[in-house]
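Values in this text are rule-based calculations from the coordinates and carry no lab data. Since the model is a prediction, treat every value here as computed from it, not as a measurement. Note that we place each Cβ from the backbone using ideal geometry, even for glycine, and neighbour counts take in every protein chain shown.
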Amino acid sequence: MSRFQIKELPLQRLQLVELQPFGDARGSLTRLFCAQELRAIWPGAIVQINQTHTTRRGTIRGMHFQKPPHAERKLVTCLRGEVWDVAVDLRAGSPTFLQWHAETLSEANRRAMVIPEGFAHGFQTLSEDVEMLYFHSAAYAPEVEAGVSPTDPRLAIPWPLAVASISGRDQSHPVIDKNFRGMSV
C-alpha cells in the first residue's frame, strides 16, 4: 500500500503529493518521504532539509531558485498552518515557460508539492505561525542563488491576501526582463 498519491499538475513535471497518514487510537504517522515509493518523481538523493517558521499571516517568501549547475528539485510541505504555495516555470524551451501554478498546502490537507529544477518557488502564509519543511536535491549554493519578484507584472501572481510582510531581499528580486529566455537545466 502506497503512502503517497501523486497528481500531475498543469505545469510539466510539477506534482502534488497527497500524503496518506496511518492512524489509530494513539494518533497518526505520516511518511513524508520514501525513496523507493517516490523514485519516479525523485530519482536522486535528498541532500538538504530545511524548515521555515513564519509568524505573520499574509507574509510572502520567494520567489527563489538556484541556477545551474546547482539547480535543485524541492519537495515542500506545510507542517503547521496553511500557505498558498506557488511554482513558476523558468525552464528554457518549456511549453509552460513563465506560467505559474499554486496549491494550498496545510497541516490539515497533508499535501506536498514537488517543484522541479528550473522553477522559482515561493508562498504566502494564509494563517499565523506557519511551519514549512523543504527537502532539496542540491545543497544551498549562495553563488548561484537567485529570485524573481513576487510582484512581477509579467507573472501577475494574484496573491490571495494583502502583503503583510516581505523581506528586503525578496523585495529586491528583479522582474523578468523581456529578453529572458529561461534556464537550461
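Taking a sphere under 10 Å around the Cβ of residue 101 and counting the other residues whose Cβ falls inside, with K and R at +1 and D and E at -1, yields a net charge of -3. In plain terms, if you count all Cα to Cα distances in the chain and split them into 5 Å steps from zero, the share in each step is 1, 8, 16, 21, 22, 16, 9, 4, 1, 1, 0, 0 percent.
Residues of segment 70-87 with an amide N closer than 17 Å to a point placed 7 Å from the Cα of residue 143 along the Cα-to-Cβ direction: 70-72.
The trypsin sites (Lys or Arg not before Pro) of segment 1-109 that DSSP puts in a loop, and whose beta carbon has at most 11 other beta carbons within 10 Å, are 26, 39. By the gyration tensor of its Cα atoms, with a ≥ b ≥ c the square roots of the eigenvalues, what is the shape of segment 103-175: rounded for a/c under 1.5, prolate for a/b over b/c, or oblate? Judged from the Cα gyration tensor, segment 103-175 comes out oblate (a/c at least 1.5, b/c at or above a/b).
Arranged from fewest to most other beta-carbon atoms within 10 Å of their beta carbon, 55, 151, 77 become 55, 151, 77. The dipole here belongs to the chain: it is taken about the Cα centre, uses +1 on the Cβ of Lys and Arg and -1 on the Cβ of Asp and Glu, and is about 220 debye. Centre-to-centre, using Cα atoms only, segment 14-82 and segment 132-156 are separated by 15 Å.
For segment 119-184, which trypsin sites (Lys or Arg not before Pro) are in a loop by DSSP, counting at most 10 other Cβ atoms within 10 Å?
Answer by residue number: 178, 181.
For the chain, relative contact order (Cα pairs under 8 Å, six or more residues apart, normalised by length) works out to 29 percent.
Calculate how many DSSP beta bridges within segment 77-185 are antiparallel, expressed in % of all such bridges and rounded to the nearest 5. In segment 77-185, DSSP labels about 95 percent of beta bridges as antiparallel. Relative contact order of segment 66-134: 49 percent, from C-alpha pairs under 8 Å at least 6 residues apart in sequence. Panel order for 97, 135, by other beta carbons found within 10 Å of each beta carbon, from fewest to most: 97, 135. Among 162, 112, 25, which one shows the highest mean-square fluctuation when the chain is modelled as a Gaussian network with alpha-carbon springs under 10 Å? Looking only at 162, 112, 25, the largest GNM fluctuation is found for 25. Straight-line reach from residue 178: taking Cα to Cα under 14 Å and skipping same-chain neighbours fewer than 8 places apart, the aspartates and glutamates in range are 152. In this rough spin-label picture, where each label sits 7 Å from Cα along the Cβ direction, the residue 67-residue 177 distance is 1.0 nm.
Dividing the helix sum by the residues of the chain, where each DSSP H run of 4 or more adds -39500 (n - 2.57), gives a mean residue ellipticity at 222 nm of -500 deg cm²/dmol. Expressed to the nearest 5 percent, the antiparallel share of DSSP beta bridges inside the chain is 95 percent.
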